[in-house]
RNA sequence: GUCCCCAUCGUCUAGCCAGGUCCAGGACACCGGCCUUUCACGCCGGCGACAGGGGUUCAAAUCCCCUUGGGGACGCCA
């Protein structure tokens, strides 16, 4: 069997969104699974809406997700001569013709057809006129008026369209640019695509494109249409459902492997398995297990996967990801190992890097700020003697470790006849400013004697004079 | 309006193609419990679905038809 070739062909009219990312992922996975090649093509024939900034954003997103391409990126805007060559070849062979209808006439035609209960399509009035080029003229494909066009969709199975449903689509715009359908077909033919995996919203384009392949005498690739992603209200996913862009998820503190894992499982399955390494994905992916129905994007599940991958990652990696967020708040430490130690205690407690960075603040802040409620409840005058004792005992401690600290607290409990919980919470508030944190002995060991003592001192001041 | 596609717990899904082992399995979320110095993590348990109606068959979540519901497409956008 010859090497398969897949592609991802976004138009640079905005950032790479979740749906596009999944389409790219499926193409990438198919190519990697079958040992084929994955091509990236930028469809920028719409000069009005395409921007370089969008192209950069898309490439950045692809890279962040780890979807590397073997060829490209190719730009349609630089291949105009090629499209023109094919288009004129079709005119010469009688498979296409010039059309002089104005946009106004076409709109009128559509409205008329709609009123009569039909499909709003071009009526083919210029088909047999034998017109030539003219200002404002376009070239249309001369499609068959009878018969059916069908294909065996890799995901949906057999799909058939009546050719009578299709009108003569424009292949060359009046501005001299090819239309999407034409450019795509010429590209997919000349780039040797064997598999075209794209969004469900292209199903209606497929019969038209197949007709173009046939008119060009080119082999028709296999098509696979992946279902759309919907919002919670089952409507097509859009901005009002929340973040759409891949990089927004990056900024919200998601790990790329979490997004990839989530996206691939939205529409594809492999028995009951939920978590996949990239290697497993490449090994196990198959279009056979891609579902046919649309799926609702569920951020809760994405969050769960993200939490999972945060727990699984090395503290060093997570620390490196959180460091910039902390730095932005003016929190930094000369010793990267210190942050890594701190982060390690937070990994089972955070669902996003953003969340984790917030939780890590107390490790770095020079001055603890108390949550007012927490301070009021736990930093009470009656606890001052206990905290004073604790500080004294800590000063005399030889080794400042989890084990020795635990021993200190046991002694403290006995001396004051208090349960651990009674002592732990005030100390926790003193050290972190909050009532919830990683294990007390853990954080004390990491903070070190100096920070712990100064924070206890500050707490004592507060306890003895809560009004101030 | 016309055409195309889809239909299992709230959500993602397994099962469907090769009907019986499915009074339907897993995961997220939710609820309860355990663990515990707090919060998480983890572990255990619970709630919860074959859209409806006809067929075919000894037997249907699985096959066929209809209805309903949902989505998509009907551009000189891609």
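The values are calculated or read from the model by the stated rules, or taken from the named source; none is laboratory data. All of these numbers come straight from a predicted model, not from anything done at the bench. Cβ: placed from backbone, ideal geometry, glycine included. Neighbour counts: every protein chain shown.
Can you work out which of the residues in region A:244-283 that are in a loop (DSSP other than H, G, I, E, B) and in contact with a strand residue (DSSP E or B) (Cβ under 9 Å, 6 or more places away or on another chain) is farthest from residue A:325 (Cα to Cα)?
The initial filter retains those residues of region A:244-283 that are in a loop (DSSP other than H, G, I, E, B), namely A:244, A:252-255, A:266-267, A:269-277.
Now narrow it down to the ones that are in contact with a strand residue (DSSP E or B) (Cβ under 9 Å, 6 or more places away or on another chain): A:244, A:266-267, A:269.
Numbers: A:244: 22, A:266: 30, A:267: 33, A:269: 35 Å.
Only one residue fits best here, namely A:269.
Can you find, within region A:417-440, the residue that is farthest from the chain's Cα centre (by Cα) among those that are part of a loop (DSSP other than H, G, I, E, B) and more than 6 Å from RNA strand B (Cβ to nearest atom)?
The initial filter retains those residues of region A:417-440 that are part of a loop (DSSP other than H, G, I, E, B), namely A:417-419, A:433-439.
Going one step further and asking which of them are more than 6 Å from RNA strand B (Cβ to nearest atom), we end up with A:417-419, A:433-434.
On the way: A:417: 54, A:418: 51, A:419: 48, A:433: 35, A:434: 33 Å.
Among them, the one singled out is A:417.
Can you tell me which of (1) touching a residue at least 12 places away in the same chain (Cβ under 8 Å); (2) in a loop (DSSP other than H, G, I, E, B); (3) within 15 Å of RNA strand B (Cβ to nearest atom); (4) over 27 Å from residue A:263 (Cα atoms) is the one residue A:77 doesn't meet?
Result: residue A:77 fails condition (2) only.
Name the single residue that is nearest to RNA strand B (Cβ to nearest atom) among those in region A:305-314 being free of Cβ contacts under 8 Å to residues at least 40 places away in the same chain and part of a helix (DSSP H, G or I).
In the first step, residues of region A:305-314 are kept if they are free of Cβ contacts under 8 Å to residues at least 40 places away in the same chain; the result is A:311-312, A:314.
Now narrow it down to the ones that are part of a helix (DSSP H, G or I): A:311-312.
Details: A:311: 6, A:312: 10 Å.
The selected residue is A:311.
Scan region A:292-300 and give yes if some residue there is within 24 Å of residue A:349 (Cα to Cα), within 12 Å of RNA strand B (Cβ to nearest atom) and in a helix (DSSP H, G or I), otherwise no.
Checking region A:292-300: at least one residue is within 24 Å of residue A:349 (Cα to Cα), within 12 Å of RNA strand B (Cβ to nearest atom) and in a helix (DSSP H, G or I).
Just give me the residues in region A:14-25 being within 12 Å of RNA strand B (Cβ to nearest atom) and out of contact with any helix residue (DSSP H, G or I) (no Cβ under 6 Å at 6 or more places or on another chain), in sequence order. Write out each step before concluding.
Kept after step one, since they are within 12 Å of RNA strand B (Cβ to nearest atom), are these residues of region A:14-25: A:14, A:19-20, A:22-23.
Passing the criteria: A:19, A:20, A:23.
Checking the conditions here, which among A:405, A:447, A:356 is within 13 Å of RNA strand B (Cβ to nearest atom), assigned to a helix (DSSP H, G or I) and at pLDDT 95 or above? Don't jump to the end; show me each part of the working.
Numbers: A:405 fails: at pLDDT 95 or above; A:447 fails: within 13 Å of RNA strand B (Cβ to nearest atom).
Criteria check complete, one pass: A:356.
Can you tell which of A:129, A:121 is assigned to a loop (DSSP other than H, G, I, E, B) and within 8 Å of RNA strand B (Cβ to nearest atom)?
A:121
Quick one: in region A:143-166, of everything that is surrounded by fewer than 19 Cβ atoms within 10 Å (Cβ to Cβ) and under 22 Å from residue A:108 (Cβ atoms), which residue is nearest to RNA strand B (Cβ to nearest atom)?
Across region A:143-166, the extreme among qualifying residues is A:165.
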